[in-house]
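K.L.:
I'd like to ask you about the structure that follows.
All of the numbers you see were taken from the coordinates with simple rules; none came from a lab. As the structure is a prediction and not an experimental result, all values here were calculated from the model. All Cβ positions, even for glycine, are placed from backbone atoms using ideal geometry, and neighbour counts span all protein chains on display.
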């Protein structure tokens, strides 16, 4: 005789805890991809990131600015030594002048006869990305070989407008002696406007060695500046203010005939060194 329906044994319903466990088992077995795309916003922190998890292709172009690099973090072994000149390894004896510096910091010396410099001048505004502004100038007499150097000092003052965007600033300065030009750039990444904008300062070292000048050599330092809105990639409508100032220093060499190979044309970009930040007035 069949067993009465009421006497049949009922199977217990799964408890809520069992349901959670089954969902977790499903996710671990094959639902991981689903879980990965449904994470709540701001739920992944430093503890969830594996070492070396963020690789170069995952970084957006121009997403890491100079403010995110720890001071002193980029040194001898990380810098591109084909583009950045290392510290000078030696100097010249009294009465001599540096006529050449190679990428490794080795110097070449020659007897120096006399020194001259341009007059000190006030800072000038650098506001165009295409039209250079003259920071300082000097005329060198004919008949001597020269070593010429300049260190234009830059001041970058962020816009005080409350709607000023984050900006990428590139300042390029060139030292021209006759037809020879040494040129370098300094870059700055400014945050969006805040209640206390920071003024940035830097100098750009420039150096030229020229053989014996057969005619007077006009010498000058000229700079341009491009201020880009980082959100659009176009020129900023509320640009930071850029100024530059500095003198030119020239040494006439006692022994004429500096080899033409010491004449250099440099287009090496550089980071602002040294750089200081002060509150905007």
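K.L.:
Fully extended, how many nm does the chain gain between residue 235 and residue 134 (0.36 nm per residue separation, minus their Cα-Cα distance)?
P.N.:
Additional length available on full extension: 34.1 nm.
K.L.:
When Rg is the radius of gyration of the Cα atoms in the stretch 116-272 and Rh is its Kirkwood radius, what does Rg/Rh come to? Don't skip to the end; give the middle numbers.
P.N.:
Working: Rg = 17.6 Å, Rh = 16.5 Å.
My calculation puts Rg/Rh at 1.07.
K.L.:
May I pose another question? For residue 170 and residue 68, FRET efficiency with R0 = 25 Å and r from the beta-carbon atoms, rounded to 0.05? Walk me through the intermediate numbers first.
P.N.:
Details: r = 18 Å, r/R0 = 0.71.
That gives a FRET efficiency of 0.90.
K.L.:
How far is it, in nm, from the label point at residue 104 to the one at residue 151 when both lie 7 Å from their Cα along the line to the Cβ?
P.N.:
Once both label points are built, they end up 2.6 nm from each other.
K.L.:
Sort the following peptides by mean Cβ neighbour count (other Cβ atoms within 10 Å, averaged over residues), highest first: 52-64, 217-229, 128-140, 150-162. Present the calculation step by step, with values, prior to reporting the outcome.
P.N.:
Details: 52-64: 7.8, 217-229: 21.3, 128-140: 15.9, 150-162: 19.5.
Packing order, densest peptide first, comes out as 217-229, 150-162, 128-140, 52-64.
K.L.:
Let me ask something else about it. State, to one decimal in nm, how far the label point of residue 46 lies from the label point of residue 249, with both points 7 Å from Cα in the Cβ direction.
P.N.:
Taking the simple label geometry, residue 46 and residue 249 are separated by 4.3 nm.
K.L.:
Taking the alpha-carbon centroid of each part, what is the distance from the stretch 174-211 to the stretch 114-158 in angstrom?
P.N.:
11
K.L.:
Given 0.36 nm per residue, what is the gain on full extension from residue 121 to residue 87 after removing their alpha carbon distance, in nm? Display every interim value, and only then the final one.
P.N.:
On the way: separation 34, 0.36 × 34 = 12.24 nm, distance 2.86 nm.
Between residue 121 and residue 87, full extension yields 9.4 nm more.
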